[in-house]
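The values are calculated or read from the model by the stated rules, or taken from the named source; none is laboratory data. All figures in this text were calculated on a predicted structure; none of them were measured in a lab. Using ideal geometry, Cβ is built from the backbone for each residue, glycine included, and neighbour counts are taken over all protein chains shown. Quick note on the areas: whole protein, heavy atoms, side chains included, nothing else; ligands and nucleic acids left out. Shrake-Rupley method; radii C 1.70, N 1.55, O 1.52, S 1.80 Å.
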Amino acid sequence: MREFRYLKRRMKFRRAKQPRAPKIRRLAPAAWLAAPLLAGLLLPLALVPLRGGHEPAPEAVPQATASPAPPAAAAAEAPQPEVTVYLSRSGQIETLPLEDYVSGVLAAEMPADFELEALKAQAVAARTFIVRRLLAGDHSGVPVPEADVSDTVSHQAYISLAVLERDWEHGGKSAALAKLRRAVLETRGVIMTYKGQPITASFFASSGGYTENSEDYWNVAVPYLRSVSSPWELEITPNLAVSVSFSTSELLSKLGLDATALPASQDLAASGKMKPVSSSSSALPAVVLSLTAGHRVREISIGGKVFTGREVREKLRLRSSQFTWKRQGNEVLITTYGNGHGVGMSQWGANGMAKEGSTATQILKHYYSGVQFTQVSTLLKK
């Protein structure tokens, strides 16, 4: 195993101005930020939480052809753009080179005990996300105008260099940090593009076996964000299926339904790829009307009112929109499968692919259809 020396760069901190209402400039057609990028997720056996996925609605682009493999990291260091990150807890702004920023994102977004090739795939996705924002001059969702991005899952989760040095390098996790930095170094400067432009590299924690088409979650069809099979996480993801119960009154309140307007009791239907369950004594009838290509709920009728699966997920704060619905006494039991919006790369799926021998290139080309790989320096010269 090669050894890599990490060159410490000085961080420039300055006190941010008093936060004010953000001046949103959205990427076409709109950016709302979710959650690929994946999506918060609290999964056991992980050094850090994986994200459930609050990602920007991607821009529609024309169809493209297949892509080549990513280029190897340049031997000589190419100039790096700087990234300014708003640190939400301290109210400071950290300015640092792109590759250092990617290391901080990787530490926050994916457990260091994942396979190296999965970490490399995540590094490319994280780098692509920020480069797209930098090139577009997009500061949407940042609470202060001086910063390019925040350190929260509204953009990408990020751990500052000071925290990495204190809690990782000198806190007993130096080997894990070295592994993350290796993943960043071995993908140095590589991003994903489509028709020459950085893609919306959305990602999320885990699926129930399939990812989503972008239009089934964001109402925007993007050719590189297509539904694909993702069976690799089904056997390795902790808490793939999670159940949560609601009282009928609580459920009505969260969904904005009036109990007096409910129709007579009906059979209760369940959704998704999983085996349906039913109850003939439900006081809150629910019928799944349609499913998405990713086997999630597209539309469901609850108490006579039609909701999208995404609406139910957000109103009830569910882990995903792939769920089943079952009456148990005076409560409704909802079981979700997977975690996150389901668009783009599944992080646990990427780890499963890597465990079976797939490279970072193969992982990324599976989850992002028809993308190409480009060096950041190439785009900066244009």
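Structure values in brief
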read-out	value
Relative contact order [Cα under 8 Å, 6+ residues apart], region 115-190, whole percent	37
Whole-percent carbon and sulfur share, accessible surface of region 65-219, 1.4 Å	52
Distance between modelled label sites at residue 165 and residue 315, nm, 7 Å Cα→Cβ extension	5.0
Linear extension gain, residue 289 paired with residue 243, 0.36 nm per residue minus alpha-carbon span	14.4 nm
Accessible solvent surface per residue of region 94-141, calculated while the other protein chains remain in place, 1.4 angstrom probe, Å²	16
Å² per residue, accessible surface of region 301-373 at 1.4 Å	33
